[in-house]
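This report refers to the structure that appears directly beneath it.
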Amino acid sequence: MPIRIVKPTSPGRRNLSIDAFSDITKTEPEKALVVKLPRHAGRNVAGRITVRHRVGGAKRYYRLVDFKQDKFDIPAEVLAIEYDPYRSARIALVKYSDGEKRYLLAFNGIKVGDQIISSRSAVPPKIGNRMPLKFIPIGQPIFNIELKPNTKGVLARGAGGVAKFMAIEGGFAQIKIPSGEVRKIPEDCAATIGQVSNPDWRLITWGKAGRMFHRGRRPTVRGKAMNPVDHPHGGGEGVSPIGLKHPKTPWGKPALGVKTRKANKWSNALIVKRRK
């Protein structure tokens, strides 16, 4: 995905870059595969803001992406590569040999006309094919990985995301996920070979508050710029430092670098190496 640098015709455009969308082959989504999602802008049923910095954003349809890919041993052809406003990666419109159409998470290097297949058994380890981890060669890059067999892919789904298949032992595969964590995953869990599409998405510079507003993000105010009644970091003369032993959230809880994971969580036994 090429990133286009705009001319600095105003302060807001001086450090702004945009997606060129040169890899998109179809602009209108499939009507049968989109739904409208209600937007709450961070508010609960009482109308109170429970998640800060959310706003409605631009109007958009939610594409029904198939993360499970449970049409086994039926080949599918890629009909189009589309933009998805709800995710950073591209999505692919595929048509199975029985005539059904679905949206799938697109892999890096995908082209219209490519053939892919999902199976519970071993299939050729070609980029885009999906199968259980026990049939994937060690060292292969993988994405859209299940945590429990026969559910759906939840790991390595963001743009450019890729995990590394490191080893398999005792019914578990050892996977290095994008965060750097190495964890055990049951060998019957499925994964797709390759890397998630749109790896250059991380290079986009949003440039101005208006673009973030369209994405559903309201401005964020520093705690040290507030009054003491509004934030633990507030108050002081001039440009004051935090002034506390540890940084805190607006509600007084420890922040920045504090571990929040439960010490006795059941999945601790499956983590081989924690992320940095």
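The values are calculated or read from the model by the stated rules, or taken from the named source; none is laboratory data. The shown structure was predicted, so the numbers you read here are calculated from the model rather than taken from an experiment. Here Cβ is always computed from backbone atoms with ideal geometry, including for glycine, and neighbour counts include all displayed protein chains.
What number of residues within the stretch 1-58 satisfy the criterion of being exposed (fewer than 10 other Cβ atoms within 10 Å of the Cβ), touching a residue at least 60 places away in the same chain (Cβ under 8 Å) and β-branched (Val, Ile, Thr)? Summing the residues that are exposed (fewer than 10 other Cβ atoms within 10 Å of the Cβ), touching a residue at least 60 places away in the same chain (Cβ under 8 Å) and β-branched (Val, Ile, Thr) in the stretch 1-58 gives 0. Residues that are within 22 Å of Gly12 (Cα to Cα) and in contact with a strand residue (DSSP E or B) (Cβ under 6 Å, 6 or more places away or on another chain) were ranked within the stretch 171-215; the one that is surrounded by the fewest Cβ atoms within 10 Å (Cβ to Cβ) is Leu203. Only a single item in (1) in contact with an Asp or Glu (Cβ under 6 Å, 6 or more places away or on another chain); (2) part of a loop (DSSP other than H, G, I, E, B) is not met by Lys95, and it is number (2).
Just need a number here: residues in the stretch 198-216 that are under 18 Å from Gly158 (Cβ atoms) and either at pLDDT 95 or above or of a type in the set (Phe, Trp, Tyr) (or both). Of the residues in that region, 2 qualify.
For the stretch 246-260, which residues satisfy the criterion of being at pLDDT 90 or above and either exposed (fewer than 11 other Cβ atoms within 10 Å of the Cβ) or not hydroxyl-bearing (Ser, Thr, Tyr) (or both)? Before you say what the answer is, go through the steps one by one.
Filtering the stretch 246-260 down to residues at pLDDT 90 or above leaves 246-255.
If the condition is that a residue be at pLDDT 90 or above and either exposed (fewer than 11 other Cβ atoms within 10 Å of the Cβ) or not hydroxyl-bearing (Ser, Thr, Tyr) (or both), then His246, Pro247, Lys248, Pro250, Trp251, Gly252, Lys253, Pro254, Ala255 are the ones that fit.
When the stretch 58-88 is filtered for residues that are over 19 Å from Gly161 (Cβ atoms) and in a loop (DSSP other than H, G, I, E, B), the ones remaining, listed by number, are Ala58, Lys59, Arg60, Tyr61, Leu64, Asp70, Lys71, Asp73, Ile74, Pro75. May I ask you to verify whether Ile145 is of a type in the set (A, V, I, L, M) and either under 19 Å from the mean Cα position of the chain (by Cα) or surrounded by 15 or more Cβ atoms within 10 Å (Cβ to Cβ) (or both)? Yes, satisfied.
Taking the condition surrounded by fewer than 15 Cβ atoms within 10 Å (Cβ to Cβ) and touching a Pro at 6+ places or on another chain (Cβ under 9 Å), does Ala225 pass?
Considered against the rule, which asks whether it is surrounded by fewer than 15 Cβ atoms within 10 Å (Cβ to Cβ) and touching a Pro at 6+ places or on another chain (Cβ under 9 Å), Ala225 comes out as no.
Screening Asp70 with (1) crowded, with 16+ Cβ neighbours inside 10 Å; (2) closer than 20 Å to Leu33 by Cα; (3) not hydroxyl-bearing (Ser, Thr, Tyr) gives one miss only, at (1).
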